[in-house]
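> This is the structure I have questions about; it appears just below.
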Amino acid sequence: MHSYVYSSYNSRCRSCVVVCCIIFACLMRLTSGTIMGDECDWTGSGLTTPSEDRGVTPVYLRCTAGKVTWLYPRGALRVLLRMPTPDRDFRACIKLHPDGGKNLPVRLFLEGPRSLHQLYSHVEEKPKAVRCFQSKNGQAAIYIEAIDNDIVTKRVVELDYDLQPLPKGKRTYDSFEGKEKKRKKMCGNNNVFFFSA
């Protein structure tokens with residue numbers, strides 16, 4: 001009787017261990033498929049994404065300035081920008097660097113409350129121009145969508161970002177305030193375009 005109970009208990013324990021190992025392996029695979037961490041820069045490659053998978057890869061950045069570099073873009077990225085100080089609203093400016101191709105390999109959108117607002121088109125006339133926008137509830141999300149998911153050619157997307165905190169108690173940013181300073185800092189004399197989500 002005791003050996004039967006012990007054997008039954010032992011087999012249940014083994015089953016629990018196997019189930020726990022499977023769950024752990026699934027969680028590790030899930031977290032390795034997403035981009036975690038509150039860092040300033042991110043570098044990734046679309047070659048790690050299967051060609052039939054056109055999903056959205058999340059990227060979390062919590063810094064005042066940095067760079068996103070995406071090699072062989074495929075699918076899409078959702079880049080969530082936040083200040084190091086939690087829940088602090090900010091004005092963000094981004095600058096896309098063309099890689100020398102005839103057209104840009106991606107389109108960029110700003111996530112609004114109900115829709116996406118296009119920041120850069122893949123047939124952009126002024127790809128070096130800076131785009132600026134304001135956060136909502138301490139964060140701003142940018143969608144970077146690859147144009148061609150099937151052809152594997154050497155394309156590189158480089159995006160600089162710079163976040164300036166809004167004065168405490170101020171929830172909106174005057175688009176003309178400090179415009180000249182930001183223009184000189186990020187892009188010399190190129191045009192600066194402002195968007196609001």
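> Those residues that are touching a residue at least 60 places away in the same chain (Cβ under 8 Å), part of a loop (DSSP other than H, G, I, E, B) and either outside the structural domain of Thr153 (by TED's automatic domain parsing) or touching a strand residue (DSSP E or B) at 6+ places or on another chain (Cβ under 6 Å) (or both), I need them from the stretch 87-128; list them, please.
Of everything in the stretch 87-128, just one residue is touching a residue at least 60 places away in the same chain (Cβ under 8 Å), part of a loop (DSSP other than H, G, I, E, B) and either outside the structural domain of Thr153 (by TED's automatic domain parsing) or touching a strand residue (DSSP E or B) at 6+ places or on another chain (Cβ under 6 Å) (or both), namely Arg88.
> Kindly establish whether Val106 is at pLDDT 90 or above and farther than 22 Å from Met83 by Cβ.
Considered against the rule, which asks whether it is at pLDDT 90 or above and farther than 22 Å from Met83 by Cβ, Val106 comes out as yes.
> Here is a further query. Scan the stretch 43-56 and give yes if some residue there is within 17 Å of the chain's Cα centre (by Cα) and under 21 Å from Pro165 (Cα atoms), otherwise no.
The answer is no; no qualifying residue exists.
> Looking at the stretch 87-106, is at least one residue among the acidic types (Asp, Glu) and on the phi > 0 side of the Ramachandran plot?
Within the stretch 87-106 (the criterion being among the acidic types (Asp, Glu) and on the phi > 0 side of the Ramachandran plot), the answer is yes, since at least one residue qualifies.
The values are calculated or read from the model by the stated rules, or taken from the named source; none is laboratory data. Keep in mind that this is a model prediction, so the values were computed, not measured. Virtual Cβ from ideal backbone geometry, glycine too; neighbours counted across all protein chains shown.
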